[in-house]
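Please treat every number below as a calculation from the coordinates, not as lab data. Everything numeric here is computed off the predicted structure, so don't read it as measured data. In this analysis, Cβ positions are derived from the backbone assuming ideal geometry, glycine residues included, and neighbour counts consider all displayed protein chains.
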Amino acid sequence: MASAGNPLRRVPKVDELLRRPALAALLGSYPRPLVLGALDAALERLRGDLRAGRGDGRDGRLAERVEEETAAELRRSGGMRLRRVVNATGVVLHTGLGRAPLASEAVQAAAEALGRYCLLEVDEETGKRGRRESAVAELLARLLGAEAATAVNNNAGATFLALNTVAEGREAILSRGELVEIGGAFRMPDVMARSGARLVEVGTTNRTYLEDYRRAVTERTGCLLKVHRSNFRIEGFAHEVGIEELAALGKELRIPVLHDLGSGRILAEAGGVLAEEPLVQASLRSGCDLVFFSGDKLLGGPQAGVLVGRKEAVERCRANPLFRALRLDKGTLAALEATLRIYLEGPEAASRIPTLRMLLAPLEEVAAAAQRIAEGIVRLGTKGLEVKVEEDTSRAGSGSAPEAPLPTRVVALRSGRLSAEALLARLREGEPPVFARVRDDAVALDPRTLLPGDEEALLAALRASLAP
Ligand SMILES: *Cc1c(COP(=O)(O)O)cnc(C)c1O
């Protein structure tokens, strides 16, 4: 049906296109099906345009156009999804950006374990089958003074496992002030229901007393549960029962006491923003049966749910068939082991853990970085861009220390041409993508959450995205 004058006849063929150097190069960088998919889509758009009479292809630039669109599409969507980004949001444990970045020792340990065979479940002396998490368990017990320890996939898993082990088919007593939603579809009542424990709420939203728990105990009670509020506070006319009191009541009535700590601070020496957070060791000293927390919040390790406490309670959790479903993979175990070994060296070594280093970075250090970055941006010579260093606050994130002020200095960018939202969107689309926040009509770049190499990457990405 195509006549001699039909512009559709000028559309280049796929195999011709693939022989062009630019497309051949794309085949070296992206999997073939992705290149072919992007190429097909570009050709389809071109045919649509020609059919609609937009252009006739006589300029001979059809192949170039297809080539450019294919390359642009692959740059946009063909690369690794889990690739590096620059976190300039000032939110240290940013759930959307992967929470805790690992210490370099932990990264190396994980890479080694994943890329090779490792001593995962064999004992090197006897050659017999061992427990995959035994090294991590020993380190945790030593660091925290716990009778026993283990670890699973995340703290949601630890909560689920602990409740299912201790209180399946029985009642779990929890204060109404601690019926929390952590975010990402983790609501304590829902997790409890799935674990098979029946929730018994006591007290009121703002006030719960020891007597409330005592009165709720019956022969059906499986455990007393305390949950760290993590992401909010109750202030004013308020009362809650501390873990010491609750653990004592559990001991008196012979009922297991569980403590979901969420953020899991184990660095006793640290002040500042960390001083706000309950210490895992204090919870253990209270004598409760099981304490659990995340590996990738204040601990600064990989995603994991750490369970520590009484030997009998930990062993029961390990013997639960669900333990197998929640078990950690070798890469995570290696990263967790390496992270815990840093803690074992003492409080100074903890600065090698990026999460802690960022949270404890002195204001002068952050301010100096902000100044350096601001000067770097000015040197890029971007016209119409106002660059200022301003006061602001960073946040711990992931529901850790929600109220603790973390003073910072940000580089505030105001563009004459672009709204702050538009500028932010450009930065997100850059390479590497840069994440920042908007405040007072400015894009605020917080150096607190920059990792080594990020300053340079940030400037390079800015140069590209601010080019007119
Ligand atoms: C964060 C949190 C959880 C969930 O932990 P994940 O490791 O994200 O699964 C559970 N409980 C509390 C109190 C938390 O703060």
*Grab the other residues whose beta carbon is less than 9 angstrom from that of Pro432, score K and R as +1, D and E as -1, and report the net.*
0
*Apply the Karplus parameterisation 6.51 cos²θ - 1.76 cosθ + 1.60, with θ equal to phi minus 60°, to every residue of region 351-359 and state each ³J(HN,Hα) to the nearest whole Hz, in sequence, with x for glycine and proline.*
5, 7, 8, x, 4, 5, 4, 5, 5
*Could you work out the local net charge near Ala158, counting Lys and Arg as +1, Asp and Glu as -1, over the other residues with Cβ closer than 13 Å to its Cβ?*
0
*Can you tell which of Val434, Val314, Ala247 lies farthest toward the positive end of the dipole of the chain, using +1 and -1 charges on the Cβ of basic and acidic side chains (Lys, Arg; Asp, Glu)?*
Val434
*Round to a whole angstrom and tell me the spacing of the C-alpha centers of region 348-374 and region 260-279.*
18
*Any chance you could give the angle, 0 to 90 degrees and rounded to 10, that helix 104-115 forms with the longest Cα principal axis of the chain?*
80
*Treat every Asp and Glu Cβ in region 1-46 as -1 and every Lys and Arg Cβ as +1, leave all other atoms uncharged, and give the resulting dipole magnitude about the Cα centre to the nearest 20 debye.*
120
*Specify the inter-centroid distance of region 209-256 and region 124-181, based on alpha-carbon positions, in whole Å.*
20
*asked:* For the ranges 5-15, 284-294, what's the packing order if you count other beta-carbon atoms within 10 Å of each residue, average per peptide, and put the highest first?
replied: 284-294, 5-15
_Give me the net charge for the shell around Ala248: Cβ to Cβ below 14 angstrom, other residues only, Lys and Arg +1, Asp and Glu -1._
0
*Which one of Tyr117, Leu179, Asn155 is farthest out on the positive end of the charge dipole of region 89-194, using unit charges on Cβ (Lys, Arg +1; Asp, Glu -1) and the Cα centre as origin?*
Leu179
*Roughly how tilted is helix 32-51, in degrees to the nearest 10 and between 0 and 90, from the longest Cα axis of the chain?*
50
_Distance from region 300-336 to region 440-465 (C-alpha centre basis), Å_ = 37
*List every residue whose amide H lies under 5 Å from the amide H of Arg207, counting only residues 5 or more places away in sequence or on a different chain, with H placed 1.01 Å from N in the peptide plane.*
His239
_Rounded to the nearest 20 debye, what is the charge dipole size of region 222-350 about its Cα centre when +1 sits on each Lys and Arg Cβ and -1 on each Asp and Glu Cβ?_
560
*Within the set Lys128/Lys311; Lys226/Lys297; Lys297/Lys383; Lys226/Lys311, which residue pairs have Cα atoms separated by over 29 Å?*
Lys297/Lys383
_Rounded to the nearest 20 debye, what is the charge dipole size of region 208-267 about its Cα centre when +1 sits on each Lys and Arg Cβ and -1 on each Asp and Glu Cβ?_
160
*How do 206-212, 410-416 rank on mean C-beta neighbours within 10 Å, highest first?*
410-416, 206-212
_Among Gly130, Pro302, Leu39 - extreme Cα towards positive end, dipole of the chain, charges at beta-carbon_ = Leu39
*Enter the angle in degrees (range 0 to 90, nearest 10) between the Cα long axis of helix 134-144 and the first principal axis of the Cα atoms of the chain, meaning the one along which they spread out most.*
60
